[in-house]
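One structure is given here, and the rest of the page talks about it.
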Amino acid sequence: MFGHLTLKKASITLPEQSCALLGNDSPQFVFLTTKTNRVLVMTTRLLLFLVLFSSSSLLRIQAQTDTLRLLFAGDIMGHAMQIKSAEVSPGVYDYRPCFRYISPTLEKADLVLGNLELTLPGPPPYSGYPMFRSPDALGAALREAGFDVLVTANNHSNDARGRGVVSTIETLRRLGFQQTGTFKNQRERDLFYPLMIYRNGFKLALLNYTYGTNGIPTDPPTIVNMLDTALMAADLAEARARKPHFIIAFVHWGTEYQTEENASQRQLAHFLIRQGADLIVGAHPHVVQPIKVETVVLPDGSKRSAVVAYSLGNFISNQQKIGTDGGILFGVELLHREGVPRAEVGRYGYVPVWRYVHRNTQGKTTFFVLPAAKEVPSDLAMPQEAIDAMKRFLERMRVHLQGVEEWNW
Ligand SMILES: [Zn+2]
């Protein structure tokens, strides 16, 4: 729109300039017919207009920087208690209340991505740990809450075996998600991997891998992406070949309940950066691990850096261990200057989220994801004990992630 305004202004000022130039014509031009003169005036105007038009658009292009706001959520779990709480009448599930208070935060982003650490097998039976099988209604509620992309390569990918891998993919597609990390077969992996995401003029490549599947073998022809360096090197080469503005690796790794990353995570992060990953987001430990800028030296001696969020903790779960009662939404602003092949990271930061289990007077429970730094929702009769627990979580997060910007989304 602004570009159009600039152009209009340029075209309005043009005629005066062209007339002034023509006013300095030498006398022999007087003998030109009026018609020829008009053609000459118009041609000159047109030429000047084209010169100004192209230089003005060029300036606009050089000046224009697009922004894409990404938001990543950690482990989306489906424990037995969550399934029971979402059952509104026998066999009917509704998870929408869980995300009521976090949805406005999610909606501020251009793209919301999360780690779906469960399967959506379709019909019951449903179950929590250790074989996560949740009703499709959970997927529907996540979509409605603002999630756009779910990654599914994690240690619970095979909890409903090969049929579960397929039904999870099909359900997510039906709900309008983009999904990656697990595949129905090699043909679909060849077609859809790396996952290309087009949003607001940005072209992103997303990759997703897991360290394992809890010893449950993957049923052919389904595929679960494993953390295999040869495979990842080939995939990253393919990602680079597709010339995206930015490459993101979402990895399932690390040690559960460890609040610091381990040496193998660092090593793997460095490997991914050397292979072309521009941003690395981690999941699995169920607690938050540091957000760092990691730098590697490439074979030609040049350096390459990327932001690594080692673990985002839990988005929603019924875990009780210290630090598992919440997590962070990791936010990244991508900047892309028109005409430049790659995007870069602008600001990045985190939004702390906390899981609150509300119990009404009839003893019915509801799980909520709350933005931990915001005022307690006035329509949620949250007991002081819960408010204090949320504040303790928030304070621990602020100490743990000191130096990283906290976003008030
Ligand atoms: Zn996991």
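The values are calculated or read from the model by the stated rules, or taken from the named source; none is laboratory data. None of the values given here were measured: they were computed from a predicted structure. Cβ sites come from the backbone with ideal geometry, for glycine too, and all protein chains shown count toward neighbours.
Do we have any residue at all in the range 194-213 that's on the phi < 0 side of the Ramachandran plot, at pLDDT 95 or above, more than 14 Å from the ligand (Cβ to nearest atom) and not in a strand (DSSP E or B)? Yes: the range 194-213 contains one or more residues that are on the phi < 0 side of the Ramachandran plot, at pLDDT 95 or above, more than 14 Å from the ligand (Cβ to nearest atom) and not in a strand (DSSP E or B).
Quick one: which residue in 247, 216, 273 is among the hydrophobic types (A, V, I, L, M, F, W, C) and in a strand (DSSP E or B)?
247
When the range 274-283 is limited to residues that are without any contact (Cβ under 8 Å) to a residue 40 or more places away in the chain and within 18 Å of the chain's Cα centre (by Cα), the one that is nearest to the ligand (Cβ to nearest atom) turns out to be 282. For the range 219-244, a residue qualifies if it is of a type in the set (Lys, Arg) and in a loop (DSSP other than H, G, I, E, B), and the qualifying residues are 242, 243.
When 163, 96, 133, 143 are checked against the criterion of being more than 20 Å from residue 216 (Cα to Cα), modelled with pLDDT of 95 or more and out of contact with any helix residue (DSSP H, G or I) (no Cβ under 6 Å at 6 or more places or on another chain), a single residue qualifies: 143.
Condition first: at positive phi and away from the ligand (no atom under 16 Å from the Cβ). Now tell me which residues in the range 241-267 satisfy that.
Within the range 241-267, just 243 meets the criteria.
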